[in-house]
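The values are calculated or read from the model by the stated rules, or taken from the named source; none is laboratory data. Keep in mind it's a predicted model, so treat the numbers as computed, not measured. As a convention, Cβ positions derive from the backbone with ideal geometry for all residues, glycine included, and neighbour counts pool all protein chains shown.
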Amino acid sequence: MELLRSLTIGQYVPRASPVHRLDPRTKILATTLLLVVVFLARDFRGLGLFGVFVAGVVALSQVPAGFVLRGLRPVWFLLLLTLVLQVFFGGGSGGTVLWKLGPLVATREGLVQGLFVTARLVLLVVSTSLLTYTTSPVELADGMERLLAPFRRVGVPAHELAMMMTIALRFIPTLVEETEKIMKAQMARGANLDTGGPLRRARALVPILVPLFVSAFRRAEELALAMEARGYRGGEGRTRMKQLRYRGQDTVAGVVVVLASLLVLWVGRT
Amino acid sequence: MVCEGLVHVYLRGTPFESVALRGVDLAVRRGECLGLVGPTGSGKSTLVQHFNGLLRPTEGRVVVDGVEVRPGSPAVRDVRRKVGLLFQYPEHQLFEATVFDDVAFGPRNLGLDPEEVAERVRESLGWVGLDPDRFGPRSPFSLSGGEMRRVAIAGVLAMRPQVLVLDEPTAGLDPAGRREILGRIRELHRKARLTVVLISHSMDDVARLCQRVVVLHQGRVFLDAPVREAFAQADRLRSIGLDVPRATDVLLRLRAAGLPVRCDRLTVEEACEEIVRVLQGGQGWSSSGA
Amino acid sequence: MSEPGALIEVHHLTHVYHAGTPQEVRAVCDVCLTVRRAEFLALVGGNGSGKSTLAKHLNALLLPTEGRVLVDGLDTRDPHALWEIRRRVGMVFQNPDNQIVATVVEEDVAFGPENLGLPPEEIRGRVEEALRAVGMLDCRRREPHLLSGGQKQRVAIAGVLAMRPQCLVLDEATTMLDPEGRREVLHTAHRLREREGIAVVHITHNMEEAAQADRVVVLHQGRVALEGAPGEVFRDLRRLRSLRLDLPEVAELSWCLRRRGVPLEGSPLDPAELASQLMRVRGVVA
């Protein structure tokens, strides 16, 4: 139960690296570009270059490499599955057979394809993780809000979305604490939360979830009242104390990312 | 219930590590009413969660009724039946569709048959002053805050515990509500002969209800004494940020000014008697006013 | 009609919830009340006395069913005056968690000024000023869930202060705190009243805290039952018990002693005062 408390949100790793200091908008846009590029890379050379670039950014960000690799743990099953599927079905018809497993045929082409797709997935996960490792959730919310702001004219509720995200982030630790308290209270009444099959355990969640929801609704009401009392009336006419500013390093970073992307694509073209 | 050398460290080995209890030795006698006080962060909540096996000691052990408490073992269920723990703002744990079902949650978890469960629910609601017929079928969320709290207390009483541990049972209640709850606790202690452990910030409440006081400070037992002795040590208590009942405070000041009053009087009534006794020890007083 | 020196005037206020339905509840009934500039007013009452409902009228979170509420001359029913009223009368609520919006203390304090549309530099200045006034400046970059109850409430007060109000309403703001937190919050409130001349309306059912106010108003079942200086209001134990309240301990002791014939003047609320009066009585005897 104490594990709940030691959870950090979004896996943000605070460091004083040049990557951390970049404007969040730069990082969001860069990550988006990189995601597109990783799918456009056609062969191992392009992907290899991409990998080198990403490794460089990881080193620059001072986030420990072990951390990054551990971030792959949640998706290891997906990676394995992809590899296996490609090995057996990815080679197309008439490939060089490596071995047979009953009706399943493993081909060399499939293996190559499998490794390629898996590598691409890994780079995908690492690139997006880099964003959350180097940017705090608050910065992310701010960055998203500013980027989406011009789209308000076409009906995108940028301010409301950002407000929702900030409030959610603010209350996550509080809700985790409350869940713990409720669990303890029900356990003190003899509730058994860790035994039984899946159906039993699901039913055992009711005494936890109902009070949690009731309290969450109550919080929402009280918070809304408090916000109104402090003059909140939506995003119109609102200013912000924290200003996001593009600086020299953002331009440099932007140029570097664009150049690297072009290089990867050009290499993959031939 | 006995605690021997109890140590508890939260989140050991992480950057958030904190020592909550540093070697607590404590014995709770059957049938007594024990007050547990201390500044915030002194470890009171942590301590009582060891009594019913919700927390595992980092070091040391807890023994209830001769049996060591081992969280994670099936024997823990037995301890949770014997030691009823009521957290702060217990009304936040209510979840069932009817008051009856919520109070029945405990007994049902014990695996009792429906007649027994119904019997216990009726009895427990009676103990907290809620008519089972009127309140049983209602939704707990339709009740007032004070009523919800009483339902929560009934829910713990329905387990028929031998020990009742209450963490700030009067938190957030108005004076009338506080008097009511404390009155019921006193009844439960006297009539049902429950052992009671009361965590409270109110020295006045502790003085009124408890026979013995244990003061915790920074995870250690600072003072463990019968209630009158404990509150006589005003200076020691004030040195850690606590206070004495206000009536006792007045007596202490009078004593310091030279009046020979006894300072182990804790409640308003007792203090009043004592002051009157000493003042009349002269011969009554001039009725024309001071 | 307006009293000079009056900041908030409540004229024959009635508030009915769910009017016209079977759940209709008359929470406040024909209440007249004045909050004077720079005064420390305690509004006490048991559960169901209507004090929270009354509080929400002071900053137009609720509108009167009957009667009028004027804040510095502005009528709460005037939709154009709404935001100005809420700037002048700030409110801190009971649950320390459910009023903090941001993930960092200083950003939460900035919430109010941001809503006012102030320029960022000005906001920064006000945030610093407000945090300093409540003694939380060194916690400015901390996350709210790591703070104690008393600290959270002080942050909430700072959030109100940053809007430069004339009145601070503490709606049971100390009810969920431990004694240390309560001391912190009250100390802060008293200091703000002395230094900045901000009126404070402290809504509570804690008699000891109410005894420290300039003036006490007691509500019972939606009506004003008692009003006056603490010494006047906290005299009769039975009267207060009938209102679901109590006397502060020392006042109760004074009451007890007076019933036994001890000649005390007024109703001392403070242990030192009671002790010195008793010594004088003793002096007369001896």
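Can you give me the number of residues within the range B:227-261 that are touching a residue at least 60 places away in the same chain (Cβ under 8 Å), within 11 Å of chain C (Cβ to nearest Cβ) and either in contact with a Gly (Cβ under 8 Å, 6 or more places away or on another chain) or of a type in the set (S, T, Y) (or both)? Total satisfying the criteria: 1. Selection of the range C:210-232 for residues being more than 14 Å from chain B (Cβ to nearest Cβ) and assigned to a helix (DSSP H, G or I) yields C:P230, C:G231, C:E232.
Within the range B:43-83, the set of residues being more than 14 Å from chain A (Cβ to nearest Cβ) and in contact with a Gly (Cβ under 6 Å, 6 or more places away or on another chain) comprises B:G43, B:K44, B:G60. Among the residues of the range A:25-82, those that are under 26 Å from A:Y246 (Cα atoms) and out of contact with any helix residue (DSSP H, G or I) (no Cβ under 7 Å at 6 or more places or on another chain) comprise A:L29, A:T32, A:V36, A:A55, A:G56, A:A59, A:Q62. Exactly one residue among C:M207, C:M279 is under 26 Å from C:N59 (Cβ atoms), out of contact with any strand residue (DSSP E or B) (no Cβ under 7 Å at 6 or more places or on another chain) and within 8 Å of chain B (Cβ to nearest Cβ), and that residue is C:M207. Summed over the range C:91-108, residues that are touching a residue at least 12 places away in the same chain (Cβ under 8 Å), under 18 Å from C:E128 (Cα atoms), at the interface with chain A (Cβ under 9 Å from one of its Cβ atoms) and not in a loop (DSSP other than H, G, I, E, B) total 2. All conditions but one from (1) more than 21 Å from the chain's Cα centre (by Cα); (2) surrounded by 20 or more Cβ atoms within 10 Å (Cβ to Cβ); (3) within 7 Å of another protein chain (Cβ to nearest Cβ); (4) of a type outside the set (S, T, Y) apply to C:D246; the one that does not is (1).
Among residues of the range A:221-243 that are more than 7 Å from chain C (Cβ to nearest Cβ), those with a beta-carbon under 9 Å from a residue that is among the hydroxyl-bearing types (S, T, Y) at least six positions away or on a different chain give the pairs A:A224/A:Y232. Cβ contacts < 7 Å: first residue under 11 Å from C:C256 (Cβ atoms) and at the interface with chain C (Cβ under 8 Å from one of its Cβ atoms), restricted to the range B:262-282; second residue in a loop (DSSP other than H, G, I, E, B) and modelled with pLDDT of 80 or more, any location; separation 6+ or different chain. Result? Within 7 Å, the pairs are B:A271/B:R265; B:C272/C:R260; B:I275/B:V261; B:V276/C:R260; B:V276/C:V262.
Can you go through C:G261, C:G266 and tell me which one is without any contact (Cβ under 8 Å) to a residue 60 or more places away in the chain, more than 10 Å from every other protein chain (Cβ to nearest Cβ), in a loop (DSSP other than H, G, I, E, B) and farther than 15 Å from B:V268 by Cα?
Working: C:G261 fails: more than 10 Å from every other protein chain (Cβ to nearest Cβ).
It is C:G266.
Kindly indicate whether any position in the range A:120-139 is within 14 Å of chain C (Cβ to nearest Cβ), of a type in the set (A, V, I, L, M), closer than 30 Å to A:K242 by Cβ and out of contact with any Pro (no Cβ under 6 Å at 6 or more places or on another chain). Yes; the residues of the range A:120-139 include at least one that is within 14 Å of chain C (Cβ to nearest Cβ), of a type in the set (A, V, I, L, M), closer than 30 Å to A:K242 by Cβ and out of contact with any Pro (no Cβ under 6 Å at 6 or more places or on another chain).
Checked against the criteria, B:L209 does not count as under 25 Å from B:D65 (Cα atoms), under 18 Å from the mean Cα position of the chain (by Cα) and free of Cβ contacts under 8 Å to residues at least 24 places away in the same chain.
Within the range B:66-92, can you find the residues that are among the polar types (S, T, N, Q) and touching a residue at least 60 places away in the same chain (Cβ under 8 Å)? B:Q88, the sole residue that qualifies.
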